[in-house]
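Student: Quick one: the structure is below, and I'll ask about it shortly.
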Amino acid sequence: MAKSYDAIIIGAGIIGCATSLALGRKSWKVLNLDRLPTAGYGSTSGSCAIIRPYYSTLDGSAMAYESHYYWKNWADYLGAADIDERGLIEYHNVGAMVMKTELNDYLRPTMALMDELDSPYSEFTPQELRQKLPVWNTESFYPVKLPDDPQFGIANDEPLPGAVLFHAAGYVSDPQLATHNIMRAAERAGGQFKYNAEVVEIRRADGCVAGITLADGERIDAPVVLNAAGPHSSKINRMADVEKYMKVKTRALRQEVAHVPLPDGYVRETGCVTSDSDIGVYTRPEQGDSLLIGSEDPPVDKHEWVDPDDYNRNFTEQWRTQVLRVCQRVPNLGVPSKMSGVVDLYDVTDDWIPIYDHSDLNGFYLAIGTSGNQFKNAPIAGEMMADIIEATQNGNDQDATPIDFHLKHIDRKVSSGFYSRLREINQNSSFSVLG
């Protein structure tokens, strides 16, 4: 006889674990399945784990600003300081310094969103920016170029006009541990986890989800199945035969993140997250006295859409390109001969905004398109997904009347309809990792 649960979650990344915790706190009997050996072992472990309050939309910014308080009060969210034998993560609330550029309209729209949300920030002149980051060169090199461009590294006549430091921001240095923390809290709430478990079938009965079948033939029953499979989300959607009904879909995007030694003069303890559309990269301090460098997906870089089960896991010229771009900003940054960092995948929607929704198969739900910019929102996303699932299972029509989710720390509501699978492509999105 098949085992039975109230809900099965496909995926034990940070979104899947956070949803398990939220459903467990509603007294649901939940099972998370993951094809990998432990929680947070897939694309979550490769996350740059940056926490920031700004997005290109008001609803996105509200969710992100709210998330800051979950990370700041991490033990409160988990329910206990001793929840995990491995200890709790540390949220480095160092702020995010964003360069003012023509591309981001000198951050005027972003500051307007922050003003509406009462999210604190400080403007920096170029001189103040150099005082904050002594290694920083405030020349402008826009547009973003490839290293083989003859104009690469040649500064423009006009320097950067300055930057904005967003205070409700920082980073988590161990994203896998963050997921493990939530997994332990979910277990305390009654959740169960099964690893090395590959789902090969979404079973139906009478037009509704009936459960799943694993590669080893085991059948597990549940009236609710949530797709939180990260870069494999599109494959799971096709398995459930729901993708063809969605206006917004997901794809796996290959990404490289570089780790290089901190340059002389860079103080790790006071270093902040930086976002720099002038050169197309973001940075943050990394463990081991390293600087983490990620791409902001400038137009000159080609997107590499891949099969999540068959892609190049080795570093390429893109690694060197990202490091050389930062060398424009930090002239004494070395380019090591040995490449270090992460090669992993994003799960990306057509407009880079996630989908938190039900589907056209009754009982089948979606928490997908989250890679690259939703790590910070995971605790809230889990709670919102739990509310969507509960309301829909109780008869609410999520398409006609999407639930409003209350952001308790900033006392604001956001409509879950913003994340609908049936939305039109959101033209206000940045169409990049910046969301």
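Taken together, the values in this text are just the output of simple stated rules run on the coordinates, not laboratory data. Note that the coordinates shown come from a computational prediction; the quantities given were computed from them, not determined experimentally. Note that each Cβ is placed from the backbone with ideal geometry, even for glycine, and that neighbours are counted across all protein chains shown.
Student: Give the peptides 321-329, 373-381, 303-311 in descending order of average Cβ contacts within 10 Å, highest first.
Tutor: The most tightly packed comes first, giving 373-381, 321-329, 303-311.
Student: If you wrap the stretch 274-368's Cα atoms in a convex hull and average its projection over all directions, what's the area in nm²?
Tutor: Averaged projected hull area, Cα only: 8.6 nm².
Student: I've got another one for you. Enumerate the amide H contacts of Arg412 below 5 Å, restricted to partners 5 or more residues apart or on another chain; note that Pro and chain-start residues carry no placed amide H.
Tutor: Under 5 Å from the amide H of Arg412: Leu407.
Student: Which of Gln393, Leu107, Leu253 sits farthest toward the positive end of the charge dipole of the chain, with +1 on the Cβ of Lys and Arg and -1 on the Cβ of Asp and Glu?
Tutor: The listed residue farthest towards the positive side: Gln393.
Student: Which residue, chosen from Thr38, Phe141, Tyr419, occupies the Cα position most advanced towards the positive end of the dipole of the chain, where the dipole is computed from +1 (Lys, Arg) and -1 (Asp, Glu) charges on Cβ about the Cα centre?
Tutor: After comparing all options, I get Thr38.
Student: I've got another one for you. Any idea what Rg and Dmax come out to for the stretch 200-333 if you just take the C-alpha atoms, in Å?
Tutor: 21.0, 66
Student: Hey, what angle do you get for helix 378-393 against the long axis of the chain, alpha-carbon based, 0 to 90 degrees rounded to 10?
Tutor: The helix 378-393 is inclined about 30 degrees to the chain.
Student: Still on this structure: Put +1 on the Cβ of every Lys and Arg and -1 on every Asp and Glu Cβ in the chain; which of Ala49, Ile220, Ile380 then has its Cα farthest towards the positive end of the dipole?
Tutor: Sorting the options by dipole projection puts first Ile220.
Student: Ratio to report: Rg/Rh of the chain, with Cα atoms as the point set and Rh obtained by the Kirkwood method; give two decimals.
Tutor: Result for the chain is an Rg/Rh of 0.97.
Student: Please determine, in degrees from 0 to 90 and to the nearest 10, the orientation of helix 14-24 with respect to the longest principal axis defined by the Cα atoms of the chain, where the helix direction is its Cα long axis.
Tutor: Value to nearest ten degrees: 40.
Student: Report the semi-axes of the equivalent ellipsoid for the stretch 5-47 in whole Å, largest first, where each axis is √(5λ) for an eigenvalue λ of the Cα gyration tensor.
Tutor: So the three semi-axes of the stretch 5-47 are 20, 11, 6 Å.
Student: Comparing Ile355, Ile50, Ile202, which has the greatest mean-square fluctuation in the GNM of the chain with Cα pairs linked when under 10 Å apart?
Tutor: Evaluated over the chain, the most mobile residue of the options is Ile202.
Student: To the nearest 20 debye, what charge dipole does the chain have about its Cα centre, counting +1 at the Cβ of each Lys and Arg and -1 at the Cβ of each Asp and Glu?
Tutor: Roughly 620 debye for the chain.
Student: Scan the stretch 377-427 for GluC sites (Glu not before Pro) in coil per DSSP, keeping those whose Cβ has at most 13 other Cβ atoms within 10 Å, and list them by number.
Tutor: Glu424
Student: Continuing with this model, one more query. To the nearest 10 degrees, how steep is helix 108-117 against the longest Cα principal axis of the chain, on a 0 to 90 scale?
Tutor: It works out to around 50 degrees.
Student: Which of the residue pairs Lys26/Lys194; Lys26/Lys413; Lys244/Lys376; Lys244/Lys408; Lys26/Lys244; Lys194/Lys408 have a Cα-Cα distance greater than 25 Å in the structure shown?
Tutor: In this structure, Lys244/Lys376; Lys244/Lys408; Lys26/Lys244; Lys194/Lys408 exceed 25 Å between Cα atoms.
Student: Taking 45 Å as R0, compute the FRET efficiency from the Cβ-Cβ separation of Phe152 and Gln192 and round it to 0.05.
Tutor: 0.30
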